[in-house]
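Student: I am attaching a structure below and will ask some questions about it afterwards.
The values are calculated or read from the model by the stated rules, or taken from the named source; none is laboratory data. Since the structure is predicted, the reported quantities are computational estimates derived from the model, not experimental observations. Positions of Cβ are generated from backbone atoms using ideal geometry, with glycine treated the same way; all protein chains shown enter the neighbour counts.
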Amino acid sequence: MRDAGVYDQHWDCIVCTSLLPVGELRGLLPPAMRSIPVVMYVHENQVAYPAGATGADARDLHAPVTDLVALAGADAVIFTSQWNRQSCLDGLGSVLDASPVRGLEGTLKAIESKSQVCWPPVEDSVAEANLGAIEHNPDKSGRYEDGDHRPVVCWPHRHQHDKGPDDLIACDQACDGALRWVLLGERRGPEPPGLAAFRAHAGDRIIHDGYCDRGTYLQWLARSDWVCSTAQHEFFGIAVVEALLSGCLPWLPGRLSYPELVPAQWHGLTPAAPPQAESIDQIRADIRSHLGPAIAPEAVRRLEALLQAAVCTRQ
């Protein structure tokens with residue numbers, strides 16, 4: 001049963017995720033609440049979501065059309081990244097192009113005109129772990145102090161197929177196996193075969209392999225020299241941003257949201273051809289400055305400003 005007290009209160013706006021069908025929400029609300037502005041925060045879009053583990057995508061157009069209707073019904077739309085926004089708009093355009101129904105182009109233009117990008121708030125991992133300034137170890141080479149100075153690479157992803165574990169062996173081989181690895185991230189459901197193959201390949205060069213509590217997780221980021229991603233699906237990349245803020249150098253593909261997370265002059269870095277030691281501090285400082293809009297206080301301020309703008313527009 002509905003709590004009448006909840007509906008009697010004054011609400012400035014309704015904030016929802018992209019999984020909520022906004023039209024249905026408005027229809028279920030009491031008439032007096034249906035004019036409250038709805039702001040949709042799009043953490044992922046179904047149009048660009050990758051196919052299943054088998055490579056076969058049995059999905060029909062229901063999910064993209066649900067996205068389209070929900071986005072059309074919202075008063076303001078906020079995407080987590082420019083890649084998220086553009087891939088959604090491009091994908092919905094393709095869906096509409098294939099539709100026998102004509103005259104919907106204005107709907108897509110309306111969605112585009114009311115959409116903005118706001119990176120999600122990310123806690124400053126260095127401050128959170130009480131690690132001190134990012135220069136706590138200016139050398140940063142072989143930060144895992146065990147006498148072995150081969151670079152330590154963290155892979156911080158969920159252990160699922162869309163994070164690209166099948167590519168880990170190729171990454172390691174590109175560096176002639178001269179790396180040590182930290183495998184982090186949540187484990188749920190059947191593990192992709194690529195991870196078992198990588199474990200057999202890397203052996204004891206994997207110095208940590210397990211999901212851990214927050215404090216331990218941040219310590220492993222602090223001990224790593226590089227953060228590696230092989231993801232096929234990333235609409236922002238909080239785990240990678242946390243690693244970058246901890247001082248890891250970016251070993252990232254030039255796709256998805258990743259080009260947005262690193263200044264252009266530092267794209268394409270790799271342990272196979274590492275930057276000069278004297279430039280590493282500058283790289284870290286540039287990346288940290290670039291990621292300023294994602295650090296929680298600044299990101300929250302921008303998000304609140306966008307919400308306020310949506311409320312004022314609707315009034």
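Student: Could you say which residue among Val227, Val182 is assigned by TED's automatic domain parsing to the domain that holds Leu249, at pLDDT 95 or above, in contact with a Cys (Cβ under 6 Å, 6 or more places away or on another chain) and within 22 Å of Arg255 (Cα to Cα)?
Tutor: Working: Val182 fails: within 22 Å of Arg255 (Cα to Cα).
Answer to the check: Val227.
Student: Identify, by number, the condition in (1) more than 30 Å from Arg301 (Cβ to Cβ); (2) modelled with pLDDT under 85 that Asp166 doesn't meet.
Tutor: (2)
Student: Also: Assuming Pro274 fulfils every condition listed in (1) touching a residue at least 12 places away in the same chain (Cβ under 8 Å); (2) assigned to a helix (DSSP H, G or I); (3) more than 30 Å from Arg188 (Cβ to Cβ) apart from one, which condition is it?
Tutor: Status for Pro274: all satisfied but (2).
Student: Related question: Collect the residues in the range 104-129 that are at pLDDT below 80 and either in a helix (DSSP H, G or I) or touching a strand residue (DSSP E or B) at 6+ places or on another chain (Cβ under 7 Å) (or both), keeping them in residue-number order. It would help to see each step written out before you state the result.
Tutor: So the first thing to find is which residues in the range 104-129 are at pLDDT below 80, and the list is 104-105, 125-129.
Glu105, Ser125, Val126, Ala127, Glu128 - these are the residues of the range 104-129 that are at pLDDT below 80 and either in a helix (DSSP H, G or I) or touching a strand residue (DSSP E or B) at 6+ places or on another chain (Cβ under 7 Å) (or both).
Student: Are any of the residues in the range 297-315 surrounded by fewer than 17 Cβ atoms within 10 Å (Cβ to Cβ) and not in a helix (DSSP H, G or I)?
Tutor: Yes, because at least one residue in the range 297-315 is surrounded by fewer than 17 Cβ atoms within 10 Å (Cβ to Cβ) and not in a helix (DSSP H, G or I).
Student: Out of the range 278-315, which residues are in contact (Cβ under 8 Å) with a residue 24 or more places away in the chain, of a type in the set (Gly, Ala, Ser) and within 15 Å of Val262 (Cα to Cα)?
Tutor: Once the filter is applied, which keeps residues that are in contact (Cβ under 8 Å) with a residue 24 or more places away in the chain, of a type in the set (Gly, Ala, Ser) and within 15 Å of Val262 (Cα to Cα), the range 278-315 yields Ala285, Ala294.
Student: Okay, moving on. For the range 173-200, enumerate the residues that are outside any helix (DSSP H, G or I) and farther than 26 Å from Gly247 by Cβ. Step through it out loud before you land on a result.
Tutor: Filtering the range 173-200 down to residues outside any helix (DSSP H, G or I) leaves 175-192.
Passing the criteria: Arg188, Gly189, Pro190, Glu191, Pro192.
Student: Test Gly203 against the criterion of being part of a helix (DSSP H, G or I) and within 29 Å of Arg288 (Cα to Cα), and give yes or no. Steps first, answer last, please.
Tutor: Values: part of a helix (DSSP H, G or I): yes; within 29 Å of Arg288 (Cα to Cα): no.
Criteria not met by Gly203.
Student: In the range 196-219, is there at least one residue being of a type in the set (D, E, K, R), out of contact with any strand residue (DSSP E or B) (no Cβ under 7 Å at 6 or more places or on another chain) and closer than 14 Å to Leu252 by Cα?
Tutor: Keep residues of the range 196-219 that are of a type in the set (D, E, K, R), which gives 199, 204-205, 209, 213-214.
Going one step further and asking which of them are out of contact with any strand residue (DSSP E or B) (no Cβ under 7 Å at 6 or more places or on another chain), we end up with 204, 213-214.
Cutting the leftovers down to closer than 14 Å to Leu252 by Cα gives us none.
Scanning the range 196-219 turns up no residue that is of a type in the set (D, E, K, R), out of contact with any strand residue (DSSP E or B) (no Cβ under 7 Å at 6 or more places or on another chain) and closer than 14 Å to Leu252 by Cα.
Student: Is it fair to say Leu221 is assigned to a helix (DSSP H, G or I), of a type in the set (A, V, I, L, M), touching a residue at least 12 places away in the same chain (Cβ under 8 Å) and touching a Cys at 6+ places or on another chain (Cβ under 8 Å)?
Tutor: So Leu221 fits the description; yes.
Student: Applying the selection to the range 67-103, what residues are free of Cβ contacts under 8 Å to residues at least 24 places away in the same chain and part of a loop (DSSP other than H, G, I, E, B)?
Tutor: Matches in the range 67-103: Ser99, Pro100, Val101, Arg102, Gly103.
Student: Could you count how many residues in the range 61-106 are among the aliphatic types (A, V, I, L, M) and either touching a His at 6+ places or on another chain (Cβ under 6 Å) or over 27 Å from Cys13 (Cβ atoms) (or both)? Spell out how you get there, then give the answer.
Tutor: Initially, the range 61-106 is screened for residues among the aliphatic types (A, V, I, L, M), giving 61, 63, 65, 68-72, 74, 76-78, 89, 92, 95-96, 98, 101, 104.
Those left that are additionally either touching a His at 6+ places or on another chain (Cβ under 6 Å) or over 27 Å from Cys13 (Cβ atoms) (or both): 61, 95-96, 98, 101.
Adding up the residues that qualify gives 5.
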